[in-house]
Amino acid sequence: MALLRDEDRKYLENLFKENLKDKVKIILFSEKSSGSKLYIPGRIECPYCQQTREILEEVVSLSELLELEVHDFLAEEILAKKYGIDKIPAILFQKDDEVLNLRFFGIPSGYEFSTLIEDIVDISRGETHLSEKTKNFLKTLTKPVHIQVFVTPTCPYCPRAVRLAHQMAMENKLITADMIEAIEFPHLAEKYQVSGVPKSIINETVEVEGAVPEDIFVEYVKSAIKA
């Protein structure tokens, strides 16, 4: 059963046709396709793995420049560790031979579906919409930066925060940016005291509440580097 409405499929087909430039491979780490129960570290069930796969299958069917590669999280433990995947569903992107450091942990549904689509376009085109000032700052980074953005599907402000973090990761390989669906990973939401979304955690030390403007978020990143 199709998840997207006919008008949405047509819109995305035209969007991809007009905007995609280079091929993008979407990599999904999930549970076994047999539908059997899977428990990951912390004994957390993965109820959205199959839905996530179905969403991605529909998306890649809309353009010849998109491809989906699915891996079994448990059976391919070595590969999962290589990519730093410790929870599922997990979505990564590969362009040419490079796997990028921007990831989705959790189903990209609701408002976050738009984030998925916009990320695909940016990756395919090899460009972001960050200011030149931000891009120049990101070029100066010499230490790793890890950004975790907690979201929920019903949060209209969350995509802005995720997109900002993901675009930063596109601009510098030292940055890893993760979208984390707070409802699916309550143990992480509790660990980082997520009472509202979006909430971003930078290098485990700096917390950012809300979808702050780009220039302000950059100052938070600078603080995290100095911490």
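No value in this document is a laboratory result; all are computed from the given coordinates. Keep in mind the model is a prediction, meaning the values are calculated, not measured. Here Cβ is always computed from backbone atoms with ideal geometry, including for glycine, and neighbour counts include all displayed protein chains.
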Taking 0.36 nm per residue of sequence separation and subtracting the Cα-Cα distance, how much length would be gained by fully extending the chain between residue 223 and residue 23, in nm to one decimal? 68.4 nm
Report the label-to-label distance for residue 13 and residue 215 in nanometres (one decimal), using points 7 Å from each Cα along the Cα→Cβ vector. 4.4
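Please work out the FRET efficiency for the pair residue 205 and residue 50, using the Cβ-Cβ distance as r and a Förster radius of 45 Å; give the result to the nearest 0.05.
0.80
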Between residue 65 and residue 5, the two model label points (7 Å from Cα along the beta-carbon direction) sit apart by a distance in nm of 2.6
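Rank-order 168-180, 133-145 by packing density, defined as the average count of other C-beta atoms within 10 Å over each peptide's residues, highest first.
Ranked from most to least packed, the peptides come out as 168-180, 133-145.
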Distance from the Cα centre of the range 190-219 to that of the range 44-113, in angstrom? 24
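What number, rounded to the nearest 500 deg cm²/dmol, is the helix-based mean residue ellipticity at 222 nm of the chain, given -39500 (n - 2.57) per DSSP H run of at least four residues and division by all its residues? Before the final figure, lay out the partial values.
Values: 8 runs with 87 residues, N = 227.
Calculated mean residue ellipticity at 222 nm is -11500 deg cm²/dmol.
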Quick one: putting +1 on the C-beta of Lys and Arg, -1 on the C-beta of Asp and Glu, what dipole do you get for the range 132-226 around its Cα centre, in Debye to the nearest 20? 380
Charge dipole magnitude, Cβ of K and R +1, D and E -1 - the chain, Cα centre, debye nearest 20: 580
Rounded to whole angstroms and listed largest first, the alpha-carbon spread of the chain along its three principal axes comes to 48, 43, 33
Distances over 26 Å make up what percent of all Cα-Cα pairs in the range 6-125? 19
For the chain, calculate the relative contact order in percent as a whole number, restricting contacts to Cα pairs under 8 Å that are 6 or more residues apart. 18
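Mind checking the full-extension length gain between residue 109 and residue 74? Use 0.36 nm per residue of separation minus the Cα-Cα distance, one decimal, nm.
That works out to 10.2 nm of additional length.
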